[in-house]
Amino acid sequence: MNRHAQAALTVCGLLAILILSLLAFGLPIGKSLSLIFQGAFGDPYAWSRTLGKTTPLILCGLGVVIAWRAGLYNIGGEGQFVLGALMSACWAKWLVMPGWGYAGILALLVASCVGGALWAAIAAWLYIKRGVEAVISTLLLNFVAIQLLEYAVSGPLQEAKRQVPQTDGLAETLMLAKFNPQADLHYGVVVAVLVAVGVFIYLFRTKDGFRLRVVGDNPNVARANRFPTSAIQFRSLMLSGGLCGLAGGVELLGITGYLGKGFPQQLGFLAIPVALLAGLHPLWVLLSAFYFGALFAGTQNLASFTPAGTTLVYVIQGAAVLGLVGLRYWTRRPRRSEAD
Amino acid sequence: MDVLIVLMFTTPMALAALGEMIGQKAGVINIGVEGTMLTGAFFAMMAAHATGNPWVGLIAGTSAGLLVTLLGGWFSVKLGADQVVVGTAINLLALGLTSYLFRSKFGTSGQLLSLPGLPNWNRIDAVILFLLAGVPMAVWALQKTRFGLALRAAGEYPKALEASGFSVAKVRLVAVAISGILGGLAGAYLSLGVAQSFAENMTSGRGFIAIAMVTFGRWRPSMVFGACLLVGFLDALQYRFQSLGFDVPFQLAIAMPYVVALLVLALVGKGTVAPSALARPYSKE
């Protein structure tokens, strides 16, 4: 089956799964679909909510793509997201002055990349030097990151009055500009799209990216060609962490403006299905993140007649991934027997 | 501090971790254990709430956990799908379904429901006894029985297992089923024994912690149990300190087990302890 057919099938499958889940939840199809559509695209505010949710999903999704393409299961997007935001918040508190303007924003975004990349570097080091699977180390690091966040917001980074476990709000000059001051949407979405194009070029148009994909697809070929496998994997995991960290920074500078215990919102995990359904392709990640971003925004609009809300999105993500796995199995099987 | 409270905090995590360890010994890393626990907790609550009988709840939760784990196991063992991918999907499905069913039955108001507790003697109940007996039983079964040997072979060197006449898929599915039963029971105990209530996403990462504890405990039942006891102790200590109003940065203590696990991994590496075919799908030749 060629790529386009597979993409078309995925899109149809996603719609089918949406409708099936609505059926399974006993909701009226037509009315629910129109409400979801209204909530996601009905007016400028809806669009703004959709794209606001899409942005971190794109960035974390791209992070997942880079690591998984190199054969490393980074499921630590959550922790890297948190560490990125934490690093941003530290720089905002101690280094970057509100008067810096755009330079300050840039510095904070760079900080978030650095934070996420360094956090992922721990897992990378454990994998390369000690043979510890990235699944396990990134998972463990998520917990440490979340405790670190809770410690920071009730300790060194706590707001000046020391009453609530959260940081001070960022100065207005250090926030990403919004398209409309009343809505969620900020220029972070432009950053995310640009990064997606950048990741595409890196993976598919550069020598480094090619090597990275070979290492992930077939380590034996990589070794036979004397690729520096370890260095490539190390770099890919750091890049991956950097992107998840950037997602955290963008969320901080674009949406919340402060850090609190509820900051992570599981975006690091939700990005895994986003990347998988995009076939680990950076440009398809844009579409897949947009689909789930729209669903997150749209399902909020169902509240008037069902308590389902975002639970629907989780079900669709889970079902879609299992569907994709099944699809791959059934389409690959004949080829495998030919090879025998 | 009351030892029994620590034991109560530890039990759900330890049950899930033992199950996870048995799965991993057979080469299947079940990232979906978080979802298994959540499903177990939810259906245990539903059944106990409907019948007023905690035992029915325990059975319902365990069976639900078994079913959802077997669904994942079918994809990862039978279809040879990527175990991390399948586990992630199972977690999302479980989170979505339990949250939706809970909201549609009890609303989103956060109404507190209380469930019939398990009959106990000084806080020691049947599940805790089962856990205490289960640890030595797991040691014995893994080391001394024919099936334990086959199970370990499925995780270390599946080809050899196949060559000696076993079906790798069958052995792995049985291991997955055991991990599902223990994970479901862990969830059921969380809602019936520990909280005597249910809340959306009430496992809040305990399943993931169980996975971490398997690594921390170096894939040995007694050490995995010990690791869980440590986490349970820190958990209980944290509540204690909070209720006394101490201002201790307890997050650092809670992060300790994970940091220690990472340090152990950094020092000794994966070594020869981790099952060598862990997370590798096996297809017959």
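Structure notes:
- Selection status of A:Q233, more than 18 Å from the chain's Cα centre (by Cα) and away from chain B (no Cβ under 14 Å): yes
- Any hit, the range B:142-152, residues being among the hydroxyl-bearing types (S, T, Y) and more than 14 Å from chain A (Cβ to nearest Cβ): yes
- Sole exception among (1) within 14 Å of chain B (Cβ to nearest Cβ); (2) closer than 20 Å to A:A271 by Cβ for A:L126, by number: (2)
- Scanning the range A:129-144 for residues that are part of a helix (DSSP H, G or I) and facing chain B (nearest Cβ under 9 Å) returns A:K129, A:R130, A:V135, A:I136, A:S137, A:L139, A:L140, A:L141, A:N142, A:F143, A:V144.
- Residue check for B:V68: part of a loop (DSSP other than H, G, I, E, B) and within 16 Å of B:L182 (Cβ to Cβ): no
- Residues of the range B:1-41 satisfying the condition of being of a type outside the set (S, T, Y), within 23 Å of B:S114 (Cβ to Cβ) and at pLDDT 95 or above: B:L15, B:M37, B:L38, B:G40, B:A41
- If you filter the range B:91-104 down to residues that are surrounded by 24 or more Cβ atoms within 10 Å (Cβ to Cβ) and more than 7 Å from chain A (Cβ to nearest Cβ), you find that the one that is nearest to the chain's Cα centre (by Cα) is B:N91.
- Single condition A:K93 does not satisfy, out of (1) charged (D, E, K, R); (2) within 14 Å of another protein chain (Cβ to nearest Cβ); (3) touching a residue at least 12 places away in the same chain (Cβ under 8 Å): (2)
- Restricted to the range B:193-207, and to residues there that are assigned to a helix (DSSP H, G or I) and farther than 15 Å from B:T39 by Cβ, the residue that is farthest from the other protein chains (Cβ to nearest Cβ) is B:G193.
- Test for B:R152: is it charged (D, E, K, R), within 20 Å of B:A177 (Cβ to Cβ) and touching a residue at least 60 places away in the same chain (Cβ under 8 Å): yes
- The C-beta contact set for the range A:46-72 (first residue within 14 Å of A:A289 (Cα to Cα) and without any contact (Cβ under 8 Å) to a residue 40 or more places away in the chain, second residue of a type in the set (S, T, Y) and surrounded by fewer than 24 Cβ atoms within 10 Å (Cβ to Cβ), distance under 9 angstrom, 6+ apart or interchain) is empty.
- Within the range A:264-290, being more than 14 Å from chain B (Cβ to nearest Cβ) and in contact (Cβ under 8 Å) with a residue 12 or more places away in the chain holds for A:H281, A:P282, A:L283, A:W284, A:V285, A:L286, A:S288, A:A289, A:F290.
- Checking the range A:148-159 against the condition returns a match, with at least one residue being buried (at least 16 other Cβ atoms within 10 Å of the Cβ), within 14 Å of chain B (Cβ to nearest Cβ) and within 18 Å of A:C244 (Cα to Cα).
- Test: residue in the range A:244-253 that is assigned to a helix (DSSP H, G or I), away from chain B (no Cβ under 14 Å) and surrounded by fewer than 24 Cβ atoms within 10 Å (Cβ to Cβ): no
- Considering residues of the range A:172-188 that are within 18 Å of A:G248 (Cα to Cα) and small (G, A, S) only, the residue surrounded by the fewest Cβ atoms within 10 Å (Cβ to Cβ): A:A177
The values are calculated or read from the model by the stated rules, or taken from the named source; none is laboratory data. Not measured: the values here are computed from a predicted model. Don't worry about glycine lacking a Cβ; one is built from the backbone with ideal geometry, like all the others, and counts go over all protein chains shown.
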